[in-house]
Amino acid sequence: MATPPNPFADFTKMMEQFRLPGVDMSAVMEARRKDIEALTEANKLAYEGIQALVQKQQEIFAQTMQQLQAAAQQYSTAGNPAEAMAKHSEFVQQQLHQALENMRALAETAQKAQAEALAVISKRAEQNVKEAGELLKPKSKG
């Protein structure tokens, strides 16, 4: 199987035709390669975050279905209406509490994934500023 062409090599060759005085094209290309790597890492983290959210939602769904089955069995065995209403009221309270807890857990999972992806992008942006400063410094002749 043939190896795919390297877009960085092609772009570097093209940019070398337009040599600009004082601009290190290999450094510029290296910086862009690092940008692509940072975006790739951020996308990977975002994808993993989505997977974690889906997994958590599946767990919540399975847990809810088990709780509904258990509640249905309890209602079918309840003897008097007062006991059934008490069990129903308790069940509703538990489910509301559980729903709020599930919402909190999902929000934390999403926030964590976003923070990790943003951290990668922010770090690369800081590096870009530093690299731009280095590229614009006059070269000492020695």
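FYI, it's all coordinate maths here, none of it is from the lab. For clarity, every value in this text was computed on a predicted model and none was experimentally measured. Neighbour counts are summed over all protein chains in view; Cβ atoms, including those assigned to glycine, are modelled from backbone coordinates with ideal geometry.
Could you give each residue of the stretch 85-101 its phi-based ³J(HN,Hα) in whole Hz, using Karplus coefficients 6.51, -1.76, 1.60 with θ = phi - 60°, and x for Gly or Pro?
Here the 3J(HN,Hα) series is 5, 5, 5, 5, 4, 5, 4, 4, 4, 4, 5, 5, 4, 5, 4, 5, 5 Hz.
What FRET efficiency do you get for Ala132 and Val54 if R0 is 22 Å and r is their Cβ-Cβ distance, rounded to the nearest 0.05? All intermediate terms of the calculation are to be shown ahead of the outcome.
Details: r = 39 Å, r/R0 = 1.77.
So, using R0 = 22 Å, E works out to roughly 0.05.
Which whole-Hz couplings ³J(HN,Hα) result when phi for each residue of the stretch 110-125 is put into the Karplus expression 6.51 cos²θ - 1.76 cosθ + 1.60, θ = phi - 60°, listed in order with x for Gly and Pro?
Running phi through 6.51 cos²θ - 1.76 cosθ + 1.60 with θ = phi - 60° gives 5, 5, 5, 5, 5, 5, 5, 5, 5, 4, 5, 5, 5, 4, 5, 5 Hz.
Under 16 Å Cα-Cα from Lys44, which aspartates and glutamates qualify once same-chain neighbours fewer than 8 residues away are excluded?
Within the straight-line limit of under 16 Å, Lys44 reaches these aspartates and glutamates: Asp35, Glu116.
Leaving out same-chain residues fewer than 8 places away, which aspartates and glutamates sit with a Cα under 15 Å from that of Lys137?
Counting by Cα, and skipping residues close in sequence, Lys137 has these aspartates and glutamates nearby: Asp24.
Any idea what the relative contact order of the stretch 36-125 is, in percent, if you count C-alpha pairs under 8 Å spaced at least 6 apart?
Answer for the stretch 36-125 is 68 percent.
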